[in-house]
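The values are calculated or read from the model by the stated rules, or taken from the named source; none is laboratory data. Here the structure is a predicted model, which means the values were calculated and not measured. Virtual Cβ from ideal backbone geometry, glycine too; neighbours counted across all protein chains shown.
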Amino acid sequence: MSLRLFDSATHQVRDFVPLVEGRVGMYVCGATPQAHPHIGHMRSAIAFDVLTRWLRRSGLQVTSIRNVTDIDDKILTKSAEAGREWWAHAFANELAFARAYDALNVLRPSYEPRATGHITDMISLVERLIAAGHGYPAPDGSGDVYFDVRSFAGYGALTRQRLEDLSVAEDSAGSAELARKRDPRDFVLWKGTKPGEPATASWPSPWGPGRPGWHLECSAMARRYLGAEFDIHGGGLDLRFPHHENEQAQSRAAGDGFARYWLHNAWVVQGGEKMSKSLGNTMTVEALGKRVPLVVIRYLLAGPHYRSHIEVADTSLAEARTAYERIEGFVTRAAEADAMVAEPDSAALAALVRLPAEFVAAMDDDLGTPAALAVLHETVRAGNTALAAGDKHAAGQAALAVRAMTDVLGVDPLDPHWNTASGGAEPALRRALDALVGDRLAARGTARTSRDFATADAIRELLAAAGVLVEDTPDGVRWSVRTDGETH
Ligand SMILES: [Zn+2]
């Protein structure tokens, strides 16, 4: 095992040494389902999905946790605006996140805990903090409980900030909150229910009815599933402060070792600006999936280094599409020439193919996906040369290596997940359907050329009745099988 990872707590690339040999425990901050996801959210999921795949491919047994923050101030505000119960609002958006993860081939985490299912864990963590002298109930009877930042020398360690340089915590803009605190930088552990807040978003506690603070939720869930100390904590760069700083402070102040490595992915940007909810509606997986195949979106989000920003624009989408089609085209042609290529699934590939040493070295170097992609494209070039020379064996070997490498990034062209043209059917069925639909489309093209629009329309209707949607694009005719209820 020679994996090295950039630990954002120490700002250094460090050898990755698991706490327990052969196993990895990883916690990634998941969705706050206040709204539908945009691809900025998917970028984080994909970055840690690639890490999970790489750890597993390296022979480690990974327990991955990605939580759902299903109770939070933003959910209460947004659900009130939408005029529905907060849990209905949260669950509808949670389902939208799940569809987007699935559409982009993000593996399910080992466990996906909801904050509302762990209120007792959260209360016991607050009790431990109060007992240790690091938490205190507000003296005004509001039911709030705060973390006392001045009581804990390690506060600021994760983001290397000194307490005296920090300003007021983000949850205390109002003077009422400020008056309850010993220090304006103290942050909330438990929020007492205030007048006008829904009684359903309120749980009994030793400090009166209330709900957990956001930071506390992750600390409690990480401990429940991974223990007091675990290997990797991940999330988007924007979560480093205050969220992750506060998570670490709470857990360590309570006596837990907490995360040994911190990994943060960079953003998706548009015109150099971080993608935000205001831009989000044009950048959902659904909206982008209408412009390019889903696998191209995944390729675009998985290819750049996870610590580099990704510009999503027409040019970057077009470049990703061209690059991906080169890979896909080679694997498809090689599969037609060599039956071995198409058959193995992901596990069979891992057993069958040794990854190129340069690819392994690139991935072991803090998940160096750009260098790994260079090896991948070099293998595609060599494979195309072998195909052109009629060397089926060499082409087949190259194609298997390409499939094994793309599998690590979640973009294997022959992964049944991506066979949306045939609704995820087996390769043999896909070939049969390709031939039949291709024949009808050719006939339609001939009819249109000779201005026989009645025949052309009849063919289109025949296909539509069979559930095959035909789309005329500037790049030619495209078709897909209608899969109602899916995101594409
Ligand atoms: Zn978190």
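For the residues 308, 346, the requirement of being at pLDDT below 95 and closer than 17 Å to residue 50 by Cα singles out 346. Exactly one residue out of 323, 362, 259 is part of a helix (DSSP H, G or I) and either out of contact with any helix residue (DSSP H, G or I) (no Cβ under 6 Å at 6 or more places or on another chain) or hydroxyl-bearing (Ser, Thr, Tyr) (or both): that is 323.
A single member of 289, 303, 272 is at pLDDT below 95 and closer than 30 Å to residue 472 by Cα, and it is 289.
When only residues in the stretch 232-242 that are surrounded by fewer than 18 Cβ atoms within 10 Å (Cβ to Cβ) and under 18 Å from the mean Cα position of the chain (by Cα) count, which is farthest from the ligand (Cβ to nearest atom)? The residue in question is 237.
So, residue 155, is that one touching a strand residue (DSSP E or B) at 6+ places or on another chain (Cβ under 9 Å) and surrounded by fewer than 19 Cβ atoms within 10 Å (Cβ to Cβ) or not?
no
Among the aliphatic types (A, V, I, L, M), over 18 Å from residue 5 (Cβ atoms) and either within 16 Å of the ligand (Cβ to nearest atom) or in contact with a strand residue (DSSP E or B) (Cβ under 8 Å, 6 or more places away or on another chain) (or both): does that describe residue 62? Before the answer, list the steps.
Details: among the aliphatic types (A, V, I, L, M): yes; over 18 Å from residue 5 (Cβ atoms): no; either within 16 Å of the ligand (Cβ to nearest atom) or in contact with a strand residue (DSSP E or B) (Cβ under 8 Å, 6 or more places away or on another chain) (or both): yes.
No.
For the stretch 194-231, the set of residues classified as surrounded by fewer than 18 Cβ atoms within 10 Å (Cβ to Cβ) and in contact with a strand residue (DSSP E or B) (Cβ under 6 Å, 6 or more places away or on another chain) consists of 208 only.
In the stretch 466-478 there is at least one residue matching the filter, namely being under 22 Å from residue 295 (Cα atoms), modelled with pLDDT under 85 and surrounded by 13 or more Cβ atoms within 10 Å (Cβ to Cβ). Out of all the residues in the stretch 260-271, is one or more surrounded by fewer than 20 Cβ atoms within 10 Å (Cβ to Cβ), under 26 Å from residue 15 (Cβ atoms) and of a type in the set (Lys, Arg)? Yes, the stretch 260-271 has at least one match.
Quick check on residue 229: is it more than 17 Å from residue 74 (Cβ to Cβ) and within 16 Å of the ligand (Cβ to nearest atom)? When the stated conditions are applied, residue 229 does not pass them.
Scanning the stretch 14-53 for residues that are part of a strand (DSSP E or B) and either within 16 Å of the ligand (Cβ to nearest atom) or hydrophobic (A, V, I, L, M, F, W, C) (or both) yields a count of 8.
Could you say whether any residue in the stretch 243-254 is away from the ligand (no atom under 13 Å from the Cβ), buried (at least 17 other Cβ atoms within 10 Å of the Cβ), in a loop (DSSP other than H, G, I, E, B) and modelled with pLDDT of 95 or more? Among the residues of the stretch 243-254, at least one is away from the ligand (no atom under 13 Å from the Cβ), buried (at least 17 other Cβ atoms within 10 Å of the Cβ), in a loop (DSSP other than H, G, I, E, B) and modelled with pLDDT of 95 or more, which makes the answer yes. Counting the residues of the stretch 185-226 that are touching a residue at least 12 places away in the same chain (Cβ under 8 Å), away from the ligand (no atom under 16 Å from the Cβ) and either part of a loop (DSSP other than H, G, I, E, B) or hydroxyl-bearing (Ser, Thr, Tyr) (or both) gives 12.
Beta carbons closer than 7 Å, at least 6 apart along the sequence or on distinct chains, pair a first residue in the stretch 310-325 that is among the aromatic types (Phe, Trp, Tyr) with a second that is in a helix (DSSP H, G or I) for 324/295; 324/296; 324/299. Candidates in the stretch 76-106 are the residues that are buried (at least 18 other Cβ atoms within 10 Å of the Cβ) and of a type in the set (S, T, N, Q); of these, the one that is farthest from residue 412 (Cα to Cα) is 79.
Scan the stretch 84-101 residue by residue and report those that are of a type in the set (A, V, I, L, M, F, W, C) and within 14 Å of the chain's Cα centre (by Cα).
We begin by selecting, within the stretch 84-101, every residue of a type in the set (A, V, I, L, M, F, W, C); these are 86-88, 90-92, 95-98, 100.
Selection gives 96, 97, 98, 100.
Among the residues examined, residue 111 qualifies as surrounded by fewer than 18 Cβ atoms within 10 Å (Cβ to Cβ) and either at pLDDT 95 or above or hydroxyl-bearing (Ser, Thr, Tyr) (or both).
Quick one: which helices (runs of 4 or more DSSP H) sit completely within the stretch 67-184 and have at least 1 residues that are of a type outside the set (Lys, Arg) and within 16 Å of the ligand (Cβ to nearest atom)? Show your work before the answer.
Numbers: elements: 73-82, 86-103, 119-131, 175-180.
Filter on the stretch 67-184 gives 73-82, 86-103, 119-131.
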